[in-house]
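Just below is one structure, and these are the notes that go with it.
No value in this document is a laboratory result; all are computed from the given coordinates. Values in this document were obtained by computation on a predicted structure and should not be read as measured data. Neighbour counts are summed over all protein chains in view; Cβ atoms, including those assigned to glycine, are modelled from backbone coordinates with ideal geometry.
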Amino acid sequence: MDAPDLTRIERDMVGTMSRTSWRYWLGLGLSASLVVVGGVAWSLALRRGLGVFGLDEPVMWGSLITTFVFFIGVSHSGTLVSAILFFARSPLRAAIGRSAEAMTVITILTAGLYPIIHIGRSWLFYFVLAYPNQRQLWPNFRSPLTWDVFAISSYVTVSALFLYMGMLPDLAMLARRVTGWRRPLYRALSLGFSGTDAEWALLERAYPIFAGVVIPLAVSVHSVVSWDFAMSVMPGWHSSIFAPYFVAGAIFSGIAMAILLLAGLRRGYRLERYIRPEHFEMLSKLLLAASLVMTFTYATEFFMAFFHGSQAEAEVFRWRPTGTYAWVFWLVIVCNSVAPLACFWGRVRRSLPALVIISVLVSIGMWFERFLFIVTTLAHHYLPQNWGFYRPTVPELLICLGGFGWFFTLFLLFIKIFPSISVAETMERQHAAAHEPGMEPGHA
Amino acid sequence: MPEPRVTLFADPDAAARALRRLHEAGVTDARVVSSAPFPAVHLTGRPGPWPVLGKVALAGAVTGLTCAALLQALTSRSMGLVVGGKPILAWPAFGVIMFELTMLFAGAANFIALVLLAAGARRRVAAVARAAVSSEQIAVVVPAERLEGPRAAAVLRALEEGRP
């Protein structure tokens, strides 16, 4: 396929925001409908209380916390991968960086809803914040749940700034190109960026510093979320492997979601010139590598559970593949460990429909993996007389579906208001490709 | 007050050629403006290196670390509750929030410094150049004082020859 010239790049990217196909409206309509359904289910919980959920002793964390952990995982990958690709000077970044960063910010905003819904009296969520109050009560800073509040709010702030910083040149371009209500919006958001060499030099100096801040922060966030579990003494949770295990799982689920979003963008906006098969091939290799790490982690968990002699730990791990939730366990293995192995074959890596199917399976598998380790530990821990069972109720499931609707709605709105691919980076790569014989011209 | 000379180029390579000629003529403080979201600075020069950005980020990090330490230590002492057998000042447990706020403040300071320094740098390039440059163009701005004296002719010739 021909390499697009600079003018065409600009026109194509602006075109993604001005053209609206029926597919877009269909997607937006479906996802907004899910938001409404989830909102109605939440309003039921607000009116009738937590009794509408399936939570009961001993399982007090269920599908809502599962969805929270799932979305935090998805969020993890976007900014982290984008920052790593930036340092690696990878051509993949120009194509996927913007969408991945937007995915991060939107998924954190989605994930943050679930603990608020889970606490029942959602209007009192601000109790977890550190603010001066007349009773002189402060959060318990020794608690991983308080760490979570700080970690997630720091991460969403830094990720949003990272996304915004990278968009400044594109916003300045848009402020000159578009008309109507968008023009003052872009003009205000571009913060006066006018493309002088000094501004570019500043941006190119500040951006690596910011990327350097983002990477450790991203790793820390999912580690802190894992410590919500690992800092307890529950069998199946109290493990030093949890932080790297969560980070690997987060990258795994994030890459799968990135493949799904990019496939939709490519198909919906005819961006075949920019989101190319080789980009998907690189992502599929990352997906495969993350899957192998996940499989190794699953095996290590089982090995350690049976090796170190704790009866309760061994019982939890015996129960996972053989007990009430055995079907969840085997579904997770098939989706997370078996299905991605197909990426060993080059034909699968180069087939977009196959990658989409694998990514859907991985997303399903990762949600159920979070469900599995949360519920089986709580339902089957130390005392047999306390063992129980948890089944999500319809309102819980609808709220979870509503979260997915919320995520896709925000993403669809984002790509309608902002360029879904970095115009500046695409132009830069294209220009470099035209001047450097060693660089592949199509690698915009 | 004499105006700076603004020359527009449609092609980044032509602008780069003009810049090279200007350097040869001794004009090293010409500035570049491009309305396209394309970093023409790669070709035409690199003002900076702006070491202050790193220092501001470091100052932000130290501020975040200090704020987190003080927040946790002072509030924990003010309540004085022993929770889970941990000491009142449980520094290992406080480490997580100290890390998070260190990174948050470093990032925020870096961003604020970028915005403020960019605003200052922008002012130094003539408004007339920023207004003149339109889509797919690159402007090379030569300060007015460079156009006076014996080098003026060489500068003007350099700009003319740099055109495609």
Nearest 0.05, what FRET efficiency do B:L81 and A:L352 give at R0 = 51 Å with Cβ-Cβ as r? 0.35
Please give the residues of the stretch A:91-116, grouped as numeric ranges, whose backbone N is less than 20 Å from a label point set 7 Å along the Cα-to-Cβ vector of A:L185. A:98-107, A:109-110
From the convex hull of the Cα coordinates of the stretch B:52-119, what is the mean projected area in square nanometres? 4.8
Would you pull out the residues with amide H under 5 Å of A:T196's amide H, same chain only if 5 or more places away, H placed 1.01 Å from N? B:S34
Explain nothing, just the number: relative contact order of the stretch A:233-377, from Cα pairs under 8 Å at least 6 residues apart, as a whole percent. 36
Shape category assigned to the stretch A:185-225 from the gyration tensor of Cα positions, a/c cut at 1.5: oblate
Using amide H atoms built in the peptide plane, which far-off residues or other-chain residues are under 5 Å from B:F9 H to H? B:I138, B:A139, B:V140
For the stretch A:345-357, take each phi angle, set θ = phi - 60°, evaluate the Karplus expression 6.51 cos²θ - 1.76 cosθ + 1.60, and give the result in whole Hz per residue in order, putting x for glycine and proline. 8, x, 5, 5, 4, 8, 9, 5, x, 5, 5, 5, 4
Which whole-Hz couplings ³J(HN,Hα) result when phi for each residue of the stretch A:155-169 is put into the Karplus expression 6.51 cos²θ - 1.76 cosθ + 1.60, θ = phi - 60°, listed in order with x for Gly and Pro? 5, 5, 5, 5, 5, 5, 5, 4, 4, 5, 4, x, 8, 3, x
The stretch B:52-119: relative contact order in percent, alpha carbon pairs under 8 Å with at least 6 residues between: 57
Note down the nm distance, to one decimal, between modelled labels 7 Å out along Cα→Cβ at A:K285 and at A:S310. 3.9
So, in Å, what gap is there between the alpha-carbon centers of the stretch A:64-88 and the stretch A:208-239? 12
Shape box of the stretch A:114-262 [Cα atoms, principal axes, largest first, Å]: 58, 42, 30
Using the Karplus curve 6.51 cos²θ - 1.76 cosθ + 1.60 with θ = phi - 60°, work out ³J(HN,Hα) for each residue of the stretch A:408-418 in order, rounded to whole Hz, and write x for Gly and Pro. 5, 4, 5, 5, 5, 5, 4, 6, 7, 9, 10
With Cβ to Cβ distances under 15 Å as the rule, what net charge do the other residues near A:P139 carry (K, R +1; D, E -1)? +1
How much net charge surrounds B:P92 when only other residues with a Cβ under 11 Å from its Cβ are counted (Lys, Arg +1; Asp, Glu -1)? +2
Cα gyration tensor, the stretch A:1-117 - rounded (a/c under 1.5), prolate or oblate: oblate
Nearest 500 deg cm²/dmol is fine: what mean residue ellipticity at 222 nm does chain A get from its DSSP H runs of n ≥ 4 alone, each adding -39,500 (n - 2.57), divided by its residue count? -24500 deg cm²/dmol
Assigned charges on the beta-carbon of Lys, Arg, Asp, Glu; the stretch A:1-79 dipole about Cα centre (debye): 320
What is the protein assembly as shown by shape, rounded, prolate or oblate, if you read a ≥ b ≥ c off the alpha carbon gyration tensor as root eigenvalues and call it rounded for a/c under 1.5, prolate for a/b larger than b/c, and oblate otherwise? prolate
What is the dipole size for chain A, taken about its Cα centre, with +1 at each Lys and Arg Cβ and -1 at each Asp and Glu Cβ, in debye to the nearest 20? 1040
For the residues A:M167, A:M60, what sequence is obtained by ranking on other C-beta atoms within 10 Å, fewest first? A:M60, A:M167
Counting only C-alpha contacts under 8 Å and six or more residues apart, can you give the relative contact order of chain A as a whole percent? 33
Which net charge results for the neighbourhood of A:R320, defined as the other residues with beta-carbon distances under 15 angstrom from its beta-carbon, given Lys and Arg at +1 and Asp and Glu at -1? -2
